[in-house]
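The structure appears right after this line, and notes come after that.
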Amino acid sequence: MAATAKSRRATSDPLWLRIVLIGLSVGFISVLLVLPLAVVFAEAFRAGVGTYFTSLNNPAAWRAIRVTLLAAGISVPLNLVFGVIASWAIAKFEFRGKSILITLIDLPFAVSPVISGLIYVLLFGLQGLFGKALAAYNIEIIFAVPGIVLATVFVTFPFVARELIPLMQEQGDEEEQAALSLGASGLQTFWRVTLPNIKWGLLYGVILCNARAMGEFGAVSVVAGHRSGTNTVPLYVEVLYNGWNAPAAFTMASILALLGLVTLAAKTFLEWKVQQQLRADELTDVSPATALEPATAEV
Amino acid sequence: MSITVEHISKTFGSYTALDDVSLTVNDGELVALLGPSGSGKTTLLRIIAGLEIPDDHERSAIYFHGQNVARRQVGQRQVGFVFQHYALFKHLSVFENIAFGLRVRPRRLRPTNQQIHDKVTELLRLIQLEGLGRRYPSQLSGGQRQRVALARALAIEPKVLLLDEPFGALDAKVRQGLRNWLRRLHDELHVTSILVTHDQEEALEVADRVVVMNQARIEQVGTPAEVFHHPASEFVIDFLGNVNVFHGRIEHGKAVLSGLAVSDRTAGKDASPENRKNHLYVRPHELEIERRLNGSPAIPALVARINPAGAFAKIALTTHEGGDIQVDLPLERYEQLGLQTGETVFVSAKKARIFTPDYVI
């Protein structure tokens with residue numbers, strides 16, 4: 001008993017310090033994260049469940065939801081395909097300019113979303129680089145849904161690739177080589193070996209990508225131009241709130257918050273799955289025996 | 001099926017992994033590529049498999065049974081490749097791992113499910129893992145995994161079996177067992193096989209012929225007995241087991257070095273010029289220990305350590321100049337001498353080899 005008491009004292013902090021530290025962090029999270037979330041739902045349902053659904057049952061609300069789903073529905077699959085291709089190239093091949101490619105993938109993380117939106121205005125806007133040509137063919141990109149989709153694609157660009165690159169680098173390409181040596185084609189190798197190995201990481205990236213696609217505000221706000229037909233859910237929340245319609249604003253916000261919670265739950269589950277898989281990989285990977293050096297004696 | 005590689009070179013940037021290597025492996029032979037890490041043995045194996053492309057050279061060629069396969073992709077060479085770290089498909093069961101090569105065949109060549117089932121069952125019996133077909137690789141031991149990897153490679157009925165340090169990641173006991181099993185398997189199947197290893201014991205024990213490689217080149221090709229007893233170079237003798245190196249020169253057909261002379265010398269392929277500085281190579285079991293000088297030349301040395309645990313008593317000695325000598329004495333001789341650490345004895349050589357050192361300006 002004495003020994004355990006001693007070792008406990010040696011390795012852990014005093015009780016009061018632990019209580020203070022845990023209390024502080026729990027308090028901090030409660031005030032800054034949990035409380036606002038609770039307020040969103042409380043405000044949404046303040047006027048009753050009936051009002052909640054009345055605010056939802058509104059053409060403008062549905063339009064916003066549709067635009068959001070469209071933007072996510074296009075950008076997520078696009079970035080999924082791109083992410084898999086880019087991380088495949090980065091993890092399995094050596095080529096010139098690889099580090100530049102990795103840096104470029106991170107670009108949307110580095111620049112402010114507002115700038116991402118502005119880039120597209122400068123490119124496709126009426127005064128922009130392609131503005132005249134587009135106007136001549138009557139194609140609307142900026143202040144229209146295509147602009148929103150473009151901005152969303154740009155902002156959510158890194159999520160899948162960022163998730164897959166370390167995973168694929170860790171796994172190496174021995175299994176792919178084995179598949180090829182057994183006569184599998186490149187496509188068979190991808191479907192039967194590569195994809196099953198990255199599926200959890202891929203799903204994780206897709207969920208994060210989707211959450212961002214649906215929740216993006218800054219970049220989309222710039223290209224949407226505050227027109228009623230081009231509101232996404234986050235933009236619509238702002239419009240409602242600025243129009244003194246707090247209950248409706250909170251109703252829409254609660255949808256986004258719900259999406260966030262679902263994402264969080266899925267993320268936790270997938271993180272656990274990915275960890276499990278990595279651990280299984282480690283079990284399969286025994287470190288190589290060190291080279292046997294012949295002993296030499298010299299006189 | 002015989003394998004012939006001619007004038008194969010491979011460079012990775014400024015690093016030369018293979019330098020104009022040529023080699024022939026006869027039909028049904030088991031050949032070991034032996035060498036330290038960085039000697040190019042794995043690169044050579046991967047080039048034969050088609051997993052690596054050799055440098056473009058007009059004279060370079062790879063023949064499988066007389067056919068040049070240099071331009072064929074790995075999947076079309078019909079080679080069974082076994083990786084050091086198994087490279088089993090983690091998400092597939094043992095059964096599906098072995099069946100993989102059959103399932104990915106084009107439809108017209110693909111066996112029926114029943115045929116696949118029979119084939120895999122037969123292979124599971126061959127690797128002595130009957131009944132474990134439903135397990136996953138993570139549920140198997142290292143030795144079992146490597147046997148599955150071997151069965152998976154054999155499932156496609158390869159004309160050539162290539163093994164890249166197959167037992168490198170296993171512990172000594174399992175290694176020994178698998179080694180013997182692989183040899184028996186080879187005697188049964190007679191598939192032309194090339195095994196890469198850095199373990200000289202493994203190479204000498206398993207292979208019909210051993211190819212000793214060093215610094216991107218082949219040093220010697222021969223049967224295990226040939227390379228062990230008649231090493232062609234300093235590197236080969238140094239790499240194949242422990243060896244004592246003495247400095248000395250040749251006088252009147254005798255090697256002379258600090259009082260030690262050996263009359264019965266076995267020279268390497270280079271004739272040693274007289275009176276030039278040489279290295280004299282003596283294996284630990286070719287040295288003899290005497291308590292007193294008996295007329296034959298000997299070096300006085302201090303017994304530093306004795307390890308009698310083994311077939312030989314391993315004696316480590318130190319000379320007055322501070323050099324180390326290692327002697328393997330038969331246990332009987334060791335007991336007869338009654339050696340103690342700290343005493344001074346005389347070391348003489350029964351046999352030694354001389355190679356002319358590289359000419360350095």
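Computed from the coordinates by the stated procedures, all read-outs in this text should not be read as laboratory data. A quick note: this is a predicted structure, and the numbers were derived from the prediction, not measured. No Cβ is skipped: glycine too gets one built from the backbone with ideal geometry, and neighbour counts run over all protein chains shown.
So, of the residues in segment A:27-86 that are over 17 Å from A:Leu208 (Cβ atoms) and among the polar types (S, T, N, Q), which turns out to be surrounded by the most Cβ atoms within 10 Å (Cβ to Cβ)?
For segment A:27-86, the residue satisfying everything is A:Ser55.
In segment A:79-102, how many are part of a helix (DSSP H, G or I) and farther than 15 Å from A:Leu164 by Cα?
Restricting attention to segment A:79-102, the residues satisfying the condition of being part of a helix (DSSP H, G or I) are A:79-92, A:98-102.
Checking which are farther than 15 Å from A:Leu164 by Cα leaves us with A:98-100.
The total comes to 3.
What are the residues in segment B:134-165 that are part of a loop (DSSP other than H, G, I, E, B) and farther than 24 Å from B:Leu51 by Cα, if any?
Listed by number, the residues that qualify are B:Arg134, B:Arg135, B:Tyr136, B:Leu140, B:Ser141.
For B:Glu188, only one of the following conditions fails: (1) farther than 30 Å from B:Leu109 by Cβ; (2) surrounded by fewer than 20 Cβ atoms within 10 Å (Cβ to Cβ); (3) of a type outside the set (Ser, Thr, Tyr). What is its number?
So B:Glu188 meets the others, but not (1).
Go through segment B:2-19 and report how many residues are in a loop (DSSP other than H, G, I, E, B) and surrounded by 17 or more Cβ atoms within 10 Å (Cβ to Cβ).
0
Which of the residues that make up segment A:117-152 are out of contact with any Asp or Glu (no Cβ under 7 Å at 6 or more places or on another chain), of a type in the set (Val, Ile, Thr), assigned to a helix (DSSP H, G or I) and crowded, with 21+ Cβ neighbours inside 10 Å?
Once the filter is applied, which keeps residues that are out of contact with any Asp or Glu (no Cβ under 7 Å at 6 or more places or on another chain), of a type in the set (Val, Ile, Thr), assigned to a helix (DSSP H, G or I) and crowded, with 21+ Cβ neighbours inside 10 Å, segment A:117-152 yields A:Ile148, A:Val149.
How many residues are more than 15 Å from the chain's Cα centre (by Cα), among the charged types (D, E, K, R) and assigned to a helix (DSSP H, G or I) if we restrict to segment B:166-209?
Residues in segment B:166-209 being more than 15 Å from the chain's Cα centre (by Cα), among the charged types (D, E, K, R) and assigned to a helix (DSSP H, G or I): 4 in total.
I want to confirm something. Restricting to segment B:20-41 and keeping residues that are surrounded by fewer than 22 Cβ atoms within 10 Å (Cβ to Cβ) and within 14 Å of chain A (Cβ to nearest Cβ), which single residue is farthest from B:Gly241 (Cα to Cα)?
The extreme case among them is B:Gly38.
Within segment A:203-214, does at least one residue satisfy the condition of being closer than 30 Å to B:Ala153 by Cβ and more than 9 Å from chain B (Cβ to nearest Cβ)?
no
Can you pull out every residue in segment B:44-73 that is in contact (Cβ under 8 Å) with a residue 60 or more places away in the chain and in contact with a Ser or Thr (Cβ under 7 Å, 6 or more places away or on another chain)?
Correct list: B:Ala49, B:Tyr63, B:His65.
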